[in-house]
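A short write-up of the structure that comes next.
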Amino acid sequence: MIIILGVPGVGKSTVIKPLAEAKGYRMLNYGDMMFEIASKEFGVDHRDKIRALPKEKQFEIQEKVALVLAKEKGKVILDTHCSIQTPQGYLPGLPKKLLEKLPVTGLVYVTAPVEEIIDRRKKDFEATGRVRPTEPKAILEHEGVNRELLSAYAFFCGVPAMIIENRNGKLEEAREKVSAIL
Amino acid sequence: MIIILGVPGVGKSTVIKPLAEAKGYRMLNYGDMMFEIASKEFGVDHRDKIRALPKEKQFEIQEKVALVLAKEKGKVILDTHCSIQTPQGYLPGLPKKLLEKLPVTGLVYVTAPVEEIIDRRKKDFEATGRVRPTEPKAILEHEGVNRELLSAYAFFCGVPAMIIENRNGKLEEAREKVSAIL
Amino acid sequence: MIIILGVPGVGKSTVIKPLAEAKGYRMLNYGDMMFEIASKEFGVDHRDKIRALPKEKQFEIQEKVALVLAKEKGKVILDTHCSIQTPQGYLPGLPKKLLEKLPVTGLVYVTAPVEEIIDRRKKDFEATGRVRPTEPKAILEHEGVNRELLSAYAFFCGVPAMIIENRNGKLEEAREKVSAIL
């Protein structure tokens, strides 16, 4: 299992999806898996409402997703957050309790220059109405925490952590780099 | 248990104390708890002399503080160091062995622009005679190590890590942000 | 056991070797130990060919080195990589699985200004033909990952992490600083 990480709007799927499919990987999205269980078992009708559930229920859902992921045996790419910005701070997307259950073989962190992230988020807002922070300082802070967490994850699993820059006009370079781990 | 961290002189107590008291939290200071046990059991008469004890005794004291903290059940805020500057390097304030015993629910890291930290340390020296590094490079290095440790702590506990800037004249903003976790 | 870390070409041995010998430490090199076992058991005739072995064999060799290191009882300095640059990304030099077996008492990270690292690598190339990245951006990224890993190691072991700058013309200062941990 390869885990792909990066702040929202950095273009994780754009970089990895075509390659992953060509090489026979299945793409799993952690958020989708959370939502599937949340809707089935707690009647949640929108992804953003999972956070409104009591904490114990959220942990229960996480636990179930982890169990499903732990059993994955084929070539799988898991798309998730390095950390999630919450009003209580940066919540690690792969806390020890979850990470120790996953059969991880590599980590890929997608990054981009901060101006490009801002630009992509603005376009995403125009297209979908999705609101995300666009202040450079907030994005840099989030990037910093993510990089620190990436190293903690790599240490804990003993697997390589690849850092890929997804710059405008350099998509092919990014894809070539990521192909070394697939 | 919420743990509040930050370099000396950054203003941790100023930010959190009034809020904590208003919301019914008890404030615990790790250094005070170390000193209490050190003075009771080894006759140490000043906080700074704990470091002069043989390492095994220091570990024994830490062990006892951890046992007390592990039993805490109410709403508690623990005030401690993210890392301590020693002649041997940066010693993590919450090493794995300690952290795994604590019922942590959130981490709060207080930071400030480096010039303001220097300024506060100089004032603190004038008022109390307490000597702390005031070279920008040393403070930035310490801040960097602290932020990396903060992420390691968050990963290990699976709890959110909040980063709060305590700028001159922006105390109310800092307090408003921290109130989300209390 | 003290572990000394730093990017290739930063001058780890130059800083620590004379002091270590004067103070009765034995110097061990993780790469040498890997190669010794690889050559004895799998007929590998060059260090760089270890990476060409199947992954399971590499893990087997690591396992054996860890067993030897775990039994070390005297004053030992282990010279190894904080992370290794591989086509798959930054591979932690001291993953949890290895680190938890070692009797670590302190970590020393040697760093230097990026221009000086580049300069030393160029001279090293002229002298030995050894090729290493000389782009500032790549070196800074590697340094960043290493520092994050250093903090994760310190957290995990509960030992101090010393950061030493090995600047041109400041070797004595660096040695004086490191002597505090030996």
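Values in this text are rule-based calculations from the coordinates and carry no lab data. The structure displayed is predicted, hence computed values, not measured ones. FYI the Cβ positions are ideal-geometry reconstructions off the backbone, even for glycines, and counts take in every protein chain you see.
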(request) Sorted from largest down, give the three principal axis spans of the alpha carbons of the stretch C:130-182, whole angstrom values. (result) 33, 32, 18
(message) Given Cβ point charges of +1 (Lys, Arg) and -1 (Asp, Glu) and nothing else, what value in debye, to the nearest 20, does the dipole of chain A about its Cα centre take?
(response) 320 debye
(message) With a 10 Å cut-off between alpha carbons and a GNM built on chain A, which of A:ILE163, A:ILE37, A:ILE77 moves the most?
(response) A:ILE37
(request) Kindly write out, for the stretch A:134-149 in residue order, the coupling ³J(HN,Hα) from the Karplus curve 6.51 cos²θ - 1.76 cosθ + 1.60 (θ = phi - 60°), rounded to whole Hz, with x marking Gly and Pro. (result) 10, 7, x, 4, 5, 5, 5, 4, 4, 4, x, 4, 4, 5, 5, 5
(request) List the distances, in nm to one decimal, from the label point of B:LYS23 to the label points of the same position in every other copy, shortest first, placing each label point 7 Å from Cα along the Cα-to-Cβ direction. (result) 4.5, 4.5
(request) Round to a whole angstrom and tell me the spacing of the C-alpha centers of the stretch B:47-73 and the stretch C:25-64. (result) 41 Å
(request) Please turn the phi angles of the stretch A:159-173 into ³J(HN,Hα) values with the Karplus equation 6.51 cos²θ - 1.76 cosθ + 1.60 (θ = phi - 60°), one per residue in order, whole Hz, x for glycine and proline. (result) 10, x, 10, 9, 10, 10, 8, 9, 7, 3, x, 10, 4, 5, 4
(message) I'd like the projected area of the stretch C:44-107, averaged over all directions, using the convex hull of its alpha carbons. Report it in nm² with one decimal.
(response) 5.1 nm²
(request) Would you grab the residues whose amide H sits under 5 Å from the one on A:LEU28? Only those 5+ places off in sequence or on another chain, please, with H modelled 1.01 Å from N. (result) A:ILE77, A:LEU78, A:ASP79
(request) Starting from the amide H of A:ILE163, placed 1.01 Å from N in the peptide plane, find each other amide H under 5 Å away whose residue is 5 or more places distant or on another chain. (result) A:TYR109, C:TYR90
(request) Could you pull out every residue, at least 5 positions away or on a different chain, whose amide H is within less than 5 Å of the one on B:ALA112? Hs are placed 1.01 Å off N in the peptide plane, and Pro or chain starts have none. (result) B:ASN166
(request) Apply the Debye scattering formula to the protein assembly as shown, with a single equal point scatterer on each alpha-carbon and no solvent, then give log10 I(q)/I(0) at q = 0.06, 0.07, 0.11, 0.13 Å⁻¹. (result) -0.31, -0.43, -1.11, -1.55
(request) Would you mind giving the three semi-axes, in whole Å and largest first, of the ellipsoid equivalent to the stretch A:44-182 according to its Cα gyration tensor? (result) 25, 23, 15
(request) Name the residue farthest towards the positive end of the dipole of chain C from the options C:GLN58, C:PRO133, C:VAL108, assuming +1 on Cβ of Lys and Arg, -1 on Cβ of Asp and Glu, about the Cα centre. (result) C:GLN58
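Partner chain Cβ atoms within 10 Å, averaged over the residues of A:142-149 - can you pull that number for me?
Per-residue shielding by partner chains comes out at 6.
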(request) Answer rounded, prolate or oblate for the stretch B:1-116, using the Cα gyration tensor with square roots of eigenvalues a ≥ b ≥ c: rounded when a/c is under 1.5, else prolate when a/b is larger than b/c, else oblate. (result) oblate
